[in-house]
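A quick write-up on the structure given underneath.
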Amino acid sequence: MNKSLLLSWLAAVIATLGSLYLSEVLHFIPCTLCWYQRIFMYPLAIILGIAFYRNDKDIYRYTLPLSIIGMMISGYHILLQKVPYLQQFEMCKTGVPCSKDYLNLLGFITIPMMAFTAFTIITISLAILVRSEKHHSN
């Protein structure tokens with residue numbers, strides 16, 4: 001069993017279930033950037049689950065780009081919410097504004113911060129997987 005692959009899959013599953021809970025149970029309407037983050041997170045929950053089941057350690061080739069791009073989107077989303085100057089560049093013109101804080105625990109835990117954390121856990125876990133694979137192949 002590969003622990004880093006398991007951790008990355010669990011992070012993706014928890015993030016996916018969390019976003020579904022926020023939208024389907026609490027009825028928070030996702031903004032445009034939240035949808036983009038979902039586009040990159042949801043496939044990770046499925047692909048990493050299959051990779052864990054099959055012990056496919058080469059999956060990082062396909063999942064690491066998704067995780068890194070998702071991490072960049074959620075990082076931008078955090079900045080958009082926390083830096084007022086950047087709100088002039090907000091891309092959400094219809095529906096819920098991307099700068100809206102539905103959830104703000106302890107002054108810094110927001111929905112995009114949770115997504116960023118999940119993407120970061122996945123990215124680091126996959127980087128560890130890459131490193132261990134390269135170490136074993138040498």
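The values are calculated or read from the model by the stated rules, or taken from the named source; none is laboratory data. The structure presented is a predicted model; accordingly, all values stated were derived computationally and were not measured. Here Cβ is always computed from backbone atoms with ideal geometry, including for glycine, and neighbour counts include all displayed protein chains.
Values for this structure:
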{"quantity": "Segment 35-71, residues that are basic (Lys, Arg) and exposed (fewer than 15 other Cβ atoms within 10 Å of the Cβ)", "calculated": "54, 61"}
{"quantity": "In segment 9-61, residue farthest from the chain's Cα centre (by Cα) [restricted to those that are among the charged types (D, E, K, R) and over 20 Å from residue 80 (Cβ atoms)]", "calculated": "54"}
{"quantity": "Top-ranked residue in segment 45-72 [being under 16 Å from residue 2 (Cβ atoms) and hydrophobic (A, V, I, L, M, F, W, C); ranked as modelled with the lowest pLDDT]", "calculated": "59"}
{"quantity": "Any chance residue 6 is part of a helix (DSSP H, G or I) and either within 15 Å of the chain's Cα centre (by Cα) or surrounded by 22 or more Cβ atoms within 10 Å (Cβ to Cβ) (or both)", "calculated": "no"}
{"quantity": "Set 17, 48: member being over 26 Å from residue 92 (Cβ atoms) and either without any contact (Cβ under 8 Å) to a residue 12 or more places away in the chain or not small (Gly, Ala, Ser) (or both)", "calculated": "48"}
{"quantity": "Complete set of residues in segment 48-69 that are in a helix (DSSP H, G or I) and touching a Leu at 6+ places or on another chain (Cβ under 8 Å)", "calculated": "48, 51, 52, 57, 59, 60, 63, 64, 66, 67"}
{"quantity": "Residue, surrounded by the most Cβ atoms within 10 Å (Cβ to Cβ), within segment 15-33, restricted to residues that are in a helix (DSSP H, G or I) and out of contact with any helix residue (DSSP H, G or I) (no Cβ under 7 Å at 6 or more places or on another chain)", "calculated": "32"}
